[in-house]
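All remarks here apply to the structure that follows.
The values are calculated or read from the model by the stated rules, or taken from the named source; none is laboratory data. The structure displayed is predicted, hence computed values, not measured ones. Neighbour counts run over all protein chains shown; Cβ positions are idealised from the backbone, glycine included.
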Amino acid sequence: MLETPTKTNVEVNRESSRLKRMLNFLNSKKVVPYVFILPFVISFLLLTFIPAVQAFVMSFQKVLPGQTTFIGWQNYERILNPTFYKALSNTTIYVILTVLILVIVPIILSVFLDSKLVRFKTFFRASLFIPSLASIIVAGTIFRMVFGESEVAVANQVVTFFGFEPVDWRYNSWSAMLLMVLLCSWRWMGVNVLYFLAALQNVPKELYEAADIDGANVIQKFLYVTLPHLKPIVIFVSTISIINGFRMFEESYVFWETNSPGNIGLTVVGYMYQQGIQQNDMGFGAAVGVVLILIIFVISFVQLLLTGAFKRGDE
Amino acid sequence: MKKILLLGMVIFLLGLLAACGGGEESSGGSADETLEAGSDIEDATELTFWTFAGTHAEFFNDAAERWNEENPDRAIKLISETYPFDQMHNNLLLALQSGEGAPDLVDIEIAKFPNFLQGDIQLESLNDQLDPIIDNFVTERLDMYSKEDQYYGAPTHLGATVVYYNMDIMDEAGVDIDSIDTWDDYVEAGKQVLESTGKPMSVIPTNWYGFWPYISQKGSGFFDDNGELTLANEDNIETLKFIDEMVNEHEIAVVPPGADFHTEEFYGFMNDGGAASMTVPMYYMKDFTEYMPDLNGKIQIRPMPVWSDSDIRSVAMGGTGTAVTSQSADVELAKEFLSFTKLSEEGNIQLWKQLGFDPPRWDVWDDPEVRADNEFYEYFHDDIFDILLDIRDDISGVNMTEYTPDVLEELGANVLHGVIREDNREPEDALKETAETLKGQMQ
């Protein structure tokens, strides 16, 4: 140990400098961001990207145990059938309704909640937000009971109180859509209200003062001062709602599992699940998934182009 | 331009995430309930059994204990796991597809069974067990779980479809149920019931239970012997018209609350004397005794009325086949145990005694043990098996193909809902359109 002290020192020095260089390298402005995103990138590649590529390949196959064969475009040719159109039209109507409701209503609610005139704000805010914490399965079960067929179910009691006939909620296409949209809106209303409330805090007070001086009334102030400042959040919320709407599965599943009468509750993801997993046709299910990706991609792209999200603020 | 590309990428990735996110509610998960038999025996071979019915798990558990008493040198440790219906079939499908994680023994429901008879079949043939005893079975039942002369499933019951009559209502209406021979008689009796009691004669669910038994009884089906789709053939259209008329013209039949025979709403409805009769396989006895206590002693079982152009008195319907998977570590033992549990004489007697199922082996139907008094005889009447023996040769099976699950799916989703419940589609159009849709799927 005492034989070559100098050597050890040199080694130690060398090692520590190597460590330092290593740390410096990891700490450098160019590298550090990549280190931080590495965990996400790895999990994304392993759990999302590779399976997605495999699903893409699978969409050209007939997948059976021990007999997986390439069948070209056959799965895609079969997609163009009435059931898929039904699923797609259900999903599209659902998306349109949820986007409208989940953008317009939260804006109005958040303006009220931000106003000085409303009392018990915290209570309202909390009660709007709490539904988003509920498990959808639990919420769906309650909804199914509320909208049961029997005359004593809550919804039917309300309906009959107003002098209407009791409704078979889960068996008409209009009420089926109503149930799904209602469940979704009930759950996400509070979250969207939060987004808009946050955005409202950023509207400069001076603008309102200036508007007051110019003699603007409440509605004019809302239209010309508040709304333009909410635009980025509107774009964000509507994009997320569109994407979530197209990938909707649970809201339908909790009411009918995958077999709704007349396919009134069938969604594209529900169709993918039904065909791919339940009917053992994974290649076809994968093809439906690929088509869904394309649809979401195109619609989101067009939407962001139209709303000008690609433009810089100063252009 | 760069920005557009970048944002495009972001959306694309979001889309990927979206498309991969669906269905998460239903995958994986642990069993609802696990039973173990023989865990205290040393050197016992471990076998796993998956089912979706808790009563089946108890049945297998009991069988394992009996097996261990009789075969101490080949003892087994049986682990029976009960999962929700959909989850169990999905997990099994993925396990067999990927070649890993399947149990030794598994219950597969009839409407799902064909899904597992595709590709290189991952189930073991039971022919070596069945060959010596096959003459004792109503073979129509075994055929449902077969492909190319190989039998893959051990039946749980015969599932002979019968009519359960509520005698309180029939007596009130003054109808003698033994005078109902044909379906036309049934409709006439129904009109009488409706007139004098205001109650519907029958219930027609909007899933395949409202259609399949009736066409099978006519000797028709969804496919012919060559596997060609015959959904929209003359017999089927005529039958659907007949059912449609019962519900929407004569109004002697209604869609059950909950649209199915296995819902809380329907149990309550029937228990309160909501309908005068229902057509359903024998296995429904257990539902009566469990969920409709008020009907104790009031129900009479009779074979289905016949169609005027056919002699078939009953149809074997529904039912679960238990299979041995190729992934089993000891296929021979699993097969022998399965045979002991469900194919042997003793096993069939137990099917009746423990589960109230009509055993698929007719040679036990007059066995003293089967005839011994139990809750089912008490609830219903004594001559249940005499009725079965009487119609034994006139029971028809159903023709299963790999596309049968698709047909059943479409029937429930499109045909019966529109024709029976909504009454906005003609039977002929509905069947023809659905047949076209299915042909597109069958490429």
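The condition of being within 30 Å of B:Ser98 (Cα to Cα) and either in the same structural domain as A:Asn192 (by TED's automatic domain parsing) or part of a helix (DSSP H, G or I) (or both) does not hold for A:Phe36. Of the helices (runs of 4 or more DSSP H) lying entirely inside the range B:327-443, the ones with 1 or more residues being surrounded by 18 or more Cβ atoms within 10 Å (Cβ to Cβ) and within 14 Å of chain A (Cβ to nearest Cβ) are found at B:404-410, B:427-441. Please work out which residue is farthest from the other protein chains (Cβ to nearest Cβ), limiting yourself to the range A:81-95 and to residues that are touching a Gly at 6+ places or on another chain (Cβ under 9 Å) and in contact (Cβ under 8 Å) with a residue 12 or more places away in the chain. If we take residues in the range A:81-95 being touching a Gly at 6+ places or on another chain (Cβ under 9 Å) and in contact (Cβ under 8 Å) with a residue 12 or more places away in the chain, then A:Tyr94 is farthest from the other protein chains (Cβ to nearest Cβ). Scanning the range A:300-311 for residues being within 9 Å of chain B (Cβ to nearest Cβ), touching a residue at least 40 places away in the same chain (Cβ under 8 Å) and not small (Gly, Ala, Ser) gives a total of 1.
Scanning the range A:149-197 for residues that are within 28 Å of the chain's Cα centre (by Cα) and assigned to a loop (DSSP other than H, G, I, E, B) returns a single hit, A:Asn172. Looking at B:Ile121, B:Ile204, which one is within 14 Å of another protein chain (Cβ to nearest Cβ) and within 30 Å of B:Tyr83 (Cβ to Cβ)? Of the residues listed, the single one that is within 14 Å of another protein chain (Cβ to nearest Cβ) and within 30 Å of B:Tyr83 (Cβ to Cβ) is B:Ile121. The criterion of being within 18 Å of A:Pro261 (Cβ to Cβ) and assigned by TED's automatic domain parsing to the domain that holds A:Ile104 does not hold for A:Ser185.
Criterion applied to B:Ser216, B:Ser220 was being closer than 17 Å to B:Val315 by Cα and touching a residue at least 24 places away in the same chain (Cβ under 8 Å), and the one residue passing it is B:Ser216. Annotation: of all residues in the range B:16-51 being charged (D, E, K, R) and touching a Phe, Trp or Tyr at 6+ places or on another chain (Cβ under 8 Å), the one that is modelled with the lowest pLDDT is B:Glu25. Flag set for B:Thr206, criterion: over 22 Å from B:His381 (Cβ atoms) and touching a His at 6+ places or on another chain (Cβ under 6 Å). Residue under question is A:Val138, and the condition is that it be in a helix (DSSP H, G or I), among the hydrophobic types (A, V, I, L, M, F, W, C) and in contact with a Leu (Cβ under 6 Å, 6 or more places away or on another chain); does it hold? Here the answer is no, as A:Val138 does not meet what is asked. Kindly indicate the residue of the range A:247-258 that is in a helix (DSSP H, G or I) and facing another protein chain (nearest Cβ under 7 Å) and also farthest from the chain's Cα centre (by Cα) among those meeting that condition. The extreme case among them is A:Tyr253. Taken over the range B:380-439, the criterion of being out of contact with any Leu (no Cβ under 6 Å at 6 or more places or on another chain) and among the small types (Gly, Ala, Ser) is satisfied by B:Ser396, B:Gly397, B:Gly412, B:Ala413, B:Gly418, B:Ala430.
No other residue among A:Met22, A:Met1 is at pLDDT below 85 and touching a Ser or Thr at 6+ places or on another chain (Cβ under 9 Å) apart from A:Met1.
Taking the range B:223-262 as the range and being buried (at least 16 other Cβ atoms within 10 Å of the Cβ), without any contact (Cβ under 8 Å) to a residue 24 or more places away in the chain and not in a helix (DSSP H, G or I) as the test, the residues that pass are B:Thr230, B:Asn233.
Are there any pairs with C-beta distances below 9 angstrom linking a residue in the range A:56-80 that is hydroxyl-bearing (Ser, Thr, Tyr) to a residue that is in a loop (DSSP other than H, G, I, E, B), with the two at least 6 apart or on different chains, and if so which? These pairs meet every condition: A:Thr68/B:Gly119; A:Thr69/A:Val63; A:Tyr76/A:Ser59; A:Tyr76/A:Phe60.
Does any residue of the range A:199-208 turn out to be within 18 Å of A:Met248 (Cβ to Cβ) and modelled with pLDDT of 90 or more? Taking every residue of the range A:199-208 in turn, none turns out to be within 18 Å of A:Met248 (Cβ to Cβ) and modelled with pLDDT of 90 or more.
Across the range A:267-291, the qualifying residues are those that are assigned to a loop (DSSP other than H, G, I, E, B) and surrounded by 24 or more Cβ atoms within 10 Å (Cβ to Cβ), and the one among them that is nearest to the other protein chains (Cβ to nearest Cβ) is A:Asn280. Applying the criterion of at least 1 residues that are crowded, with 17+ Cβ neighbours inside 10 Å, under 16 Å from the mean Cα position of the chain (by Cα) and not acidic (Asp, Glu) to the strands (runs of 3 or more DSSP E) found wholly in the range B:42-160 leaves B:45-51, B:105-109.
For (1) at pLDDT 90 or above; (2) under 21 Å from A:Cys184 (Cβ atoms); (3) touching a Lys or Arg at 6+ places or on another chain (Cβ under 8 Å), each residue gets a yes or a no:
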residue	(1), (2), (3)
A:Phe255	no, yes, yes
A:Asn259	no, yes, no
A:Asn263	no, yes, yes
A:Leu266	yes, yes, yes
A:Gln274	no, yes, no
A:Gln279	no, no, no
A:Leu304	no, no, no
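Just so you know, in the range A:60-80 the residues that are under 21 Å from B:Glu409 (Cα atoms) and over 27 Å from the mean Cα position of the chain (by Cα) include one that is surrounded by the most Cβ atoms within 10 Å (Cβ to Cβ), and it is A:Asn75.
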